[in-house]
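Trainee: This structure is in structure tokens; I'll ask about it shortly.
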Amino acid sequence: MDELKDKTAKGLLWGGLGNGAMQVIGLLLGLVMLNILSPADYGKIAVLLIYSNIATSLQDSGLTAALINKKEPTHEEYNSVFWFNILVSSLLYLLLWFAAPYIAAFNHDASLTPLARFLFCGFVINSFGTVQRAYLNGHLKVKQVNLIALFSVIMSNGIGVVLALMGYAYWGLAAQTVLFVTFIMICDWFVSPWRPTLHIDLRPAAKMFGFSSKLLVTNLFNQLNAQVFSFLLGRFYNTRTVGYYSNARKWNDILVNTIQGMMNGVSQPVLAQVADDDERYRRVFRKMLRFVCFVTFPCMLGLALVAKEFILITVSAKWLESVPMLQLLCIYGAFYPVTMLYSYMAISRGRSGINMFCTITLCLLIWAGLLLMYPYGVYSMIVYFVAVNVAWLLVWQWFAWRMVRLSLWSALADILPFFCLAAGVMTVTHYITLPIENLYLALFAKIAIAFVLYTGLSYLSGAEIMRETLGYLTHLRSKS
């Protein structure tokens, strides 16, 4: 038990450090791009992501998660998934190559045809490294995975910035996206000891398809859920509006991905290891839930607090329309890692059908609602999107009770104290800093006051997760 706890803590630490550094570097280089390019440039890339991401989900078909969920996958299983990924991605690329002109016509923008054909190369390149990445994640090599991602962000973003400065506009963004997965794939091959063989046998992959097919459907609907705005705004509005939304979503996702990255390499493997002991499983899950809430709520609500100052200082007033979108999305972002943790519960318990049902039903509700809401404006659509996603946690909680007897009261006891504390701190900070007119001073004051209030009140209230975090960091310092 101590060994598992130590692996989990180290995984969370490296996940946090690695993803934090990756997001900060991506942020700094991204700021340069935002100051060079226009909202319409970003909109062009955003409207194509739904096709690329769906293709990536089909290429993987949930088999990577199936490998990670296995305690001891065989070489034959790894090899079968490897060749399956390559074959499927190649077929999908051919299909999308011919579909590119129709995608451009749907979005009323002829320049999307060559852009799409280049951008879609990314999921083909990605298919060559998914099994190596599954091997690293399955063996809890969180440090290596995050160092690879950090290196790839630096290289791809750096090249993207150079291309943007040279006047290539949205082609710089497309190159950045493709190069990111290329560098990750190359590094995964360098670090992972697993190698494929030329004996192509898809039967082991087919045997996992009963489990992975549900994850495939789930991933497809997750992508539809994530890209619904870019798709609908590109069709019913214009790429400029898509650009404003994608910029707001980008800042939201930077923080969410940092937190989610801490959990991705740890949650599913650790929960799978304790799946046979319900009592221990509940303890491990609740501790993860408290940690996610302790970190996520102040970060996301804090981003909403400083959104206006941050946008004006970093990317100028031309992106000001993104501010209210970002503030609304931060509420969604605050609860998204919690939702994903419940999703990992279903997967680790072998109940991928529950995960699939929740994702499909939620996605259908969102798409149906947004199609009805779009005549009333972008902000009405975002409010609906946020409200439905947050409310859906109650459905996840009902399934958690069915699976491991985790009661609603226990979940609320882990979630609500941190949410109320974070919301209260941000509200107080907002009113304290209202008289400050200087943007830089207001940004600094809001961050400093909110940090001191949140950490101080967490410590004084005796939050167990804070004591454990401080204790672990103190232990690391004494060891070094």
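The values are calculated or read from the model by the stated rules, or taken from the named source; none is laboratory data. Just so you know, these numbers come straight off a predicted model, no measurement behind them. For neighbour counting, all protein chains shown are included, and Cβ atoms are generated from backbone atoms with ideal geometry for every residue, glycine included. For accessibility, only protein heavy atoms count, side chains too; no ligands or nucleic acids. Shrake-Rupley method; radii C 1.70, N 1.55, O 1.52, S 1.80 Å.
Trainee: Can you tell me which residue is surrounded by the most Cβ atoms within 10 Å (Cβ to Cβ) among those in the stretch 194-234 that are without any contact (Cβ under 8 Å) to a residue 40 or more places away in the chain and in a loop (DSSP other than H, G, I, E, B)?
Mentor: ARG195
Trainee: Which of the residues belonging to the stretch 100-120 are open to solvent by 50 Å² or more (accessible area, probe 1.4 Å) and either in contact with a Gly (Cβ under 9 Å, 6 or more places away or on another chain) or closer than 17 Å to GLY234 by Cα (or both)?
Mentor: Residues satisfying the conditions are PRO101, TYR102, ALA105, PHE106, HIS108, ALA110.
Trainee: Yes or no: ILE184 free of Cβ contacts under 8 Å to residues at least 60 places away in the same chain, buried (at least 21 other Cβ atoms within 10 Å of the Cβ) and among the β-branched types (Val, Ile, Thr)?
Mentor: yes
Trainee: Oh, and also: Output the residue which, of all residues in the stretch 351-363 that are open to solvent by less than 20 Å² (accessible area, probe 1.4 Å) and of a type in the set (Val, Ile, Thr), is nearest to LYS214 (Cα to Cα).
Mentor: For the stretch 351-363, the residue satisfying everything is ILE354.
Trainee: Still on this structure, I have one more. Go through the stretch 48-85 and count every residue that is open to solvent by 20 Å² or more (accessible area, probe 1.4 Å) and either in contact with a Pro (Cβ under 6 Å, 6 or more places away or on another chain) or touching a residue at least 12 places away in the same chain (Cβ under 8 Å) (or both).
Mentor: Residues that pass the stated criteria total 20.
Trainee: I'd like to verify a number: residues in the stretch 385-403 that are surrounded by fewer than 16 Cβ atoms within 10 Å (Cβ to Cβ) and over 22 Å from the mean Cα position of the chain (by Cα), how many?
Mentor: The number of residues fulfilling the criteria is 3.
Trainee: Could you list, in sequence order, all residues of the stretch 443-464 that are open to solvent by less than 60 Å² (accessible area, probe 1.4 Å), under 16 Å from PHE297 (Cβ atoms) and not in a helix (DSSP H, G or I)?
Mentor: If the condition is that a residue be open to solvent by less than 60 Å² (accessible area, probe 1.4 Å), under 16 Å from PHE297 (Cβ atoms) and not in a helix (DSSP H, G or I), then ALA463 is the only one that fits.
Trainee: Here is a follow-up. May I ask you to verify whether ALA174 is closer than 28 Å to LEU232 by Cβ and under 20 Å from the mean Cα position of the chain (by Cα)?
Mentor: Criteria met by ALA174.
Trainee: Every residue in the stretch 121-170 that is of a type in the set (D, E, K, R) and buried (at least 20 other Cβ atoms within 10 Å of the Cβ), please.
Mentor: Result: ARG133, single match.
Trainee: For the list (1) of a type outside the set (Gly, Ala, Ser); (2) touching a Gly at 6+ places or on another chain (Cβ under 8 Å); (3) closer than 21 Å to SER322 by Cβ, I need the number of the one condition that VAL145 fails.
Mentor: Among (1) of a type outside the set (Gly, Ala, Ser); (2) touching a Gly at 6+ places or on another chain (Cβ under 8 Å); (3) closer than 21 Å to SER322 by Cβ, the lone unmet condition for VAL145 is (3).
Trainee: Which number in (1) modelled with pLDDT under 95; (2) surrounded by fewer than 16 Cβ atoms within 10 Å (Cβ to Cβ) marks the one condition that VAL428 misses?
Mentor: Evaluating VAL428 over (1) modelled with pLDDT under 95; (2) surrounded by fewer than 16 Cβ atoms within 10 Å (Cβ to Cβ) leaves (1) as the failure.
Trainee: Residue check, ALA105 against (1) modelled with pLDDT of 80 or more; (2) of a type outside the set (S, T, N, Q); (3) under 22 Å from ALA175 (Cα atoms), all met but one. Which one?
Mentor: The single condition ALA105 does not satisfy is (3).
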